[in-house]
Amino acid sequence: MRLSQTLNIGDLRAIARNRLPRVVFDYIDGGVEDEGGMARNRAAFERVRMVPRYLVDVAMRSQATTLFGQTYAHPIGIAPTGLANFSWPGADEALARVAGDADIPFVLSTAATTSIERAATAAPDHFWFQLYAPLDIEVRADLLRRAEAAGAKVLMVTVDVPVSSKRERDIRNNFMLPLRPTVTMGLDALTHPGWALQMLLRGVPKLEVLAPYAGKNVGAQSLAAYVASQISQSLTWEDIKALRETWRGPLVIKGILSADDARKAARLGVDGILVSNHGGRQLDSAPAPVEVLPAIREAVGDTLVLMLDSGVRRGADIAKALALGADFVFVGRATLYGVAAAGEAGAKRALSFLTDELDRCLAQIGCPDVKNLRGVETVIDGGGF
């Protein structure tokens, strides 16, 4: 299938699957343990029905959304995705450019294979930074300094990774950092010559954001060991309080699924939360974000900006999330499938699918402006969330 023949995110996923070696595709596509959380994310969206209202003038439709004082063209952002450059050389920068061109936010991961400074240059005025707070407080402070100096509009702190998860696809494929090629990997790479050639020409990606802290001229193995040593199992609300006191811009917590935790965040002066189960990649038994979203909105009212990710594959999913209480939606795998399929053009096509489908959905439900989506009539199969 050629890029021009694709009609949806699923088609881009199919191209990515054919283009990438199994070890890389499974890293992008896979979840934790039985991958029940991933299935639950999709099933939860599919349970939501939107009641159409016709005989409404929908000739002029708008997706413009204001978030933290900045107006974006769509209520969609590109979520942080680690190790993206394994899917396509320069994937982080390609995603950032696509976001900038589309006038939406791009969030760079601490686990990115592109530096903060280079990614920010690719998306001026649309750059956010996601922080995995390292154990080393000085490193943590320097990451914030670099993000601020690079012009990051928002700091997004991910809190749902107290330990590494059991991603069984990765374990079976021997996917780890540094990547240690096996005979199976080598044979698989030979059957994907386009990807293999790019890796040979560009070199195997490394964790560029964290590399400066591991020491000069450090090898891949030492860098991986350093990164593993910085995973914090003791991140608490006190750390969030300290980050709130340090970071001068909007502060978002990513990974909240509890209404009580949302209230705590509001009391600490956090500006927003991203309701997320990490795309089904951390706790397999966690609820789908869209299931808990209404309760979180009820708990915090309008004191916090509520965003959502995990499981978004259609423009209608975005409309459903906004109708149930979200202010904004982020996508991770959707645009990553696009960039893996065809680089920057593929990421642009992925985003065009979502915005076009959202536009059509707005017309069908008689809601020409996304600002009025909250409270649009919905039906939940099997009862409410």
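If you go through segment 151-161 one residue at a time, do you hit one that is in a loop (DSSP other than H, G, I, E, B), among the small types (Gly, Ala, Ser), modelled with pLDDT of 90 or more and out of contact with any strand residue (DSSP E or B) (no Cβ under 7 Å at 6 or more places or on another chain)? Among the residues of segment 151-161, not one is in a loop (DSSP other than H, G, I, E, B), among the small types (Gly, Ala, Ser), modelled with pLDDT of 90 or more and out of contact with any strand residue (DSSP E or B) (no Cβ under 7 Å at 6 or more places or on another chain), which makes the answer no.
I'd like the full set of residues that are more than 30 Å from Leu108 (Cβ to Cβ) and either within 19 Å of the chain's Cα centre (by Cα) or buried (at least 21 other Cβ atoms within 10 Å of the Cβ) (or both), limited to segment 367-385. Spell out how you get there, then give the answer.
Restricting attention to segment 367-385, the residues satisfying the condition of being more than 30 Å from Leu108 (Cβ to Cβ) are 367-369, 372, 375-385.
Correct list: Cys367 only.
When the residues of segment 100-110 are filtered to those that are touching a helix residue (DSSP H, G or I) at 6+ places or on another chain (Cβ under 8 Å) and of a type outside the set (Ser, Thr, Tyr), the one that is surrounded by the most Cβ atoms within 10 Å (Cβ to Cβ) is Leu108.
Are any residues in segment 249-282 farther than 25 Å from Gln70 by Cα, of a type in the set (A, V, I, L, M) and buried (at least 18 other Cβ atoms within 10 Å of the Cβ), and if so, which ones? Give the derivation first.
We begin by selecting, within segment 249-282, every residue farther than 25 Å from Gln70 by Cα; these are 257-261, 264, 277-282.
From what's left, of a type in the set (A, V, I, L, M): 257, 259.
Once the filter is applied, which keeps residues that are farther than 25 Å from Gln70 by Cα, of a type in the set (A, V, I, L, M) and buried (at least 18 other Cβ atoms within 10 Å of the Cβ), segment 249-282 yields only Leu257.
Within this structure, Asp284 fails the test of being among the charged types (D, E, K, R), touching a Gly at 6+ places or on another chain (Cβ under 9 Å) and within 13 Å of Ala44 (Cα to Cα). Scanning segment 271-305 for residues that are out of contact with any Asp or Glu (no Cβ under 6 Å at 6 or more places or on another chain) and among the polar types (S, T, N, Q) gives Asn277, Ser285, Thr303.
Only one entry in Val56, Val24 is over 17 Å from Lys320 (Cα atoms), surrounded by 22 or more Cβ atoms within 10 Å (Cβ to Cβ) and not hydroxyl-bearing (Ser, Thr, Tyr), namely Val24.
Could you please find all residues in segment 101-130 being more than 12 Å from the chain's Cα centre (by Cα), closer than 23 Å to Lys371 by Cβ and free of Cβ contacts under 8 Å to residues at least 60 places away in the same chain? Once the filter is applied, which keeps residues that are more than 12 Å from the chain's Cα centre (by Cα), closer than 23 Å to Lys371 by Cβ and free of Cβ contacts under 8 Å to residues at least 60 places away in the same chain, segment 101-130 yields Asp103, Asp125, His126.
Of the listed requirements (1) closer than 28 Å to Glu238 by Cβ; (2) out of contact with any Ser or Thr (no Cβ under 9 Å at 6 or more places or on another chain); (3) at pLDDT 95 or above; (4) surrounded by fewer than 23 Cβ atoms within 10 Å (Cβ to Cβ), Ala141 misses just one: (2). For segment 59-80, a tally of residues being crowded, with 16+ Cβ neighbours inside 10 Å, over 20 Å from Val157 (Cα atoms) and β-branched (Val, Ile, Thr) returns 1.
Quick check on this structure: which one of Thr182, Thr158 is without any contact (Cβ under 8 Å) to a residue 12 or more places away in the chain and of a type in the set (S, T, N, Q)?
On the way: Thr158 fails: without any contact (Cβ under 8 Å) to a residue 12 or more places away in the chain.
That would be Thr182, the only listed residue that is without any contact (Cβ under 8 Å) to a residue 12 or more places away in the chain and of a type in the set (S, T, N, Q).
A residue that is in a helix (DSSP H, G or I), β-branched (Val, Ile, Thr), at pLDDT 95 or above and crowded, with 24+ Cβ neighbours inside 10 Å cannot be found anywhere in segment 345-366.
The values are calculated or read from the model by the stated rules, or taken from the named source; none is laboratory data. Since this is a predicted model, take the numbers as computed values, not measurements. All Cβ positions, glycine included, derive from the backbone under ideal geometry; neighbour counts span all protein chains shown.
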